[in-house]
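Working notes, beginning with the structure itself.
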Amino acid sequence: MTDPEKIREKFRGLYNEDPLLFRSPGRVNLIGEHTDYNEGFVLPAAIDKDIVFGVCPRNDNLISFYSLDFNEHAETDLNNLHKSEIHWADYLLGVVEQITKTGEKIKGFNCVFGGDIPIGSGLSSSAAIEAGLAYALDHIYKLNIDKLQLVKLAQKAENEFVGVRCGIMDQFINIFGKENHVLKLDCRSLRFNYYSFDSDDYKIVLFDTHVKHSLASTEYNLRRRQCEEGVRILQHHFPWIKSLRDAKKEEIIEHKKEFTRAVFDRCLYVVEENERVEKACNDLSENNQEDFGLQMIFSHEGLRDKYEVSCRELDYLVEVASVQQGVLGARMMGGGFGGCTINLIKNDYVAEASKIISEEYRITFGKEPGIYVCKIVDGTGIIK
Ligand code: GLA
């Protein structure tokens, strides 16, 4: 967790006043990958890696950001928002643009932020930045935008300003996360329910490949287009199919000849992954961690072979983890091409399994993986 005092101190030094402080978490996703933009199901949770924002309104139209981690300033005028040469600033400016688009009148503000969510590791530091700032601006300007609107606005900032056509999962869990609970979200209706995940028996452990997923945004947008292509083909035969959420395996297989190999595999994966989320949630309700873990392993196989968003390092970490004693499940997490694996490990085996996995990884790839044992925390909020 980030020490808010660090942010407060820097803010005082730069702007000579006391900020309001907000905490915005990263996230894990237990299962349901690349299903959100196909109107399917996901099972994320907010974790104790976060970004802290210090924010104060101004009387003029200047927007002044300072990134503590990059040790860098970005300033602009509220009435002149455009893409910045500073990459991190786009995630923030996109949010400001979306807020102004709602018709709400805001002024400038000062903002210092920093945190401990590793960037490019699939823990959604970008959504933490977007939704965190949206929440903070709503608060300091008393805009009373409802929570779901904040989520949508943060997602739109990434879609339109940054140019990644991400789904809604990351921003949603950032705002709606609940301590010791995972959240099952229906990404079509946006209805959701929580499952208790407060177990002393097992832990969520992440292994970070330290491979930055630079390919991710182009490949991500490509996956989305492939899914859309699949829907177009299916619609000729089954006009009620609006997204892959509506498709059945038999329907896809029946028309296999009309798909390219890639589009066929992508579609099958999505349908199967939605089924796995349903099964995994039943396993959770029945307290059956063994079967839950199995669904995670099947999910990884699908992401590796059919959706093709894994990489050698992720596959290796999953392969080694899945044969360790006490490891219930393991799979790559997030957009893919690098970042972390998520593992469900029995409490008593966390230390031993982590040691072996990390050692094997070091021998094979010449570097240590990051190891993060996660707690599940509340979504974005003000620090009292
Ligand atoms: C990224 C996106 C999410 C989701 C995942 C894959 O994290 O931001 O919307 O699509 O990838 O499940």
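The values are calculated or read from the model by the stated rules, or taken from the named source; none is laboratory data. Note that the structure is a prediction, hence the values are computed from the model and not measured. Cβ: placed from backbone, ideal geometry, glycine included. Neighbour counts: every protein chain shown. Just the protein is used for accessible areas: all its heavy atoms, side chains included, with ligands, DNA and RNA removed. Shrake-Rupley method; radii C 1.70, N 1.55, O 1.52, S 1.80 Å.
Of the helices (runs of 4 or more DSSP H) that lie entirely inside region 69-157, those containing 1 or more residues that are among the basic types (Lys, Arg) span 87-101, 147-156.
Being in contact (Cβ under 8 Å) with a residue 40 or more places away in the chain, within 16 Å of the ligand (Cβ to nearest atom) and of a type in the set (A, V, I, L, M, F, W, C) is true for just one of Leu14, Leu43, Leu20. Which residue is that? Result: Leu43 is the single residue among Leu14, Leu43, Leu20 that is in contact (Cβ under 8 Å) with a residue 40 or more places away in the chain, within 16 Å of the ligand (Cβ to nearest atom) and of a type in the set (A, V, I, L, M, F, W, C). The sole residue among Ala351, Ala330, Ala262, Ala321 that is open to solvent by 50 Å² or more (accessible area, probe 1.4 Å), away from the ligand (no atom under 16 Å from the Cβ) and either modelled with pLDDT of 95 or more or of a type in the set (Val, Ile, Thr) (or both) is Ala351. Scanning region 265-323 for residues that are free of Cβ contacts under 8 Å to residues at least 24 places away in the same chain, closer than 26 Å to Ile357 by Cα and either assigned to a loop (DSSP other than H, G, I, E, B) or in the same structural domain as Phe192 (by TED's automatic domain parsing) (or both) yields Asn288, Val323. Return yes when Asp170 is touching a residue at least 40 places away in the same chain (Cβ under 8 Å), out of contact with any Gly (no Cβ under 8 Å at 6 or more places or on another chain) and either open to solvent by 40 Å² or more (accessible area, probe 1.4 Å) or of a type in the set (A, V, I, L, M) (or both) and no when it is not. Spelling it out, it is not the case that Asp170 is touching a residue at least 40 places away in the same chain (Cβ under 8 Å), out of contact with any Gly (no Cβ under 8 Å at 6 or more places or on another chain) and either open to solvent by 40 Å² or more (accessible area, probe 1.4 Å) or of a type in the set (A, V, I, L, M) (or both).
The set of residues in region 335-367 that are touching a residue at least 40 places away in the same chain (Cβ under 8 Å) and among the aromatic types (Phe, Trp, Tyr) comprises Phe337, Tyr361, Phe365.
Just give me the residues in region 265-275 being within 23 Å of the chain's Cα centre (by Cα) and either open to solvent by 20 Å² or more (accessible area, probe 1.4 Å) or of a type in the set (Phe, Trp, Tyr) (or both), in sequence order. Those that are within 23 Å of the chain's Cα centre (by Cα) and either open to solvent by 20 Å² or more (accessible area, probe 1.4 Å) or of a type in the set (Phe, Trp, Tyr) (or both): Tyr269, Glu272, Glu275.
Here is a yes/no grid of residues against (1) within 28 Å of Asn180 (Cβ to Cβ); (2) exposed (fewer than 15 other Cβ atoms within 10 Å of the Cβ):
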residue	(1), (2)
Asn29	yes, no
Asn61	no, yes
Ser64	no, no
Asn71	no, yes
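When Glu179 is tested against (1) open to solvent by 70 Å² or more (accessible area, probe 1.4 Å); (2) within 14 Å of the ligand (Cβ to nearest atom); (3) more than 15 Å from the chain's Cα centre (by Cα), only condition (2) is not met.
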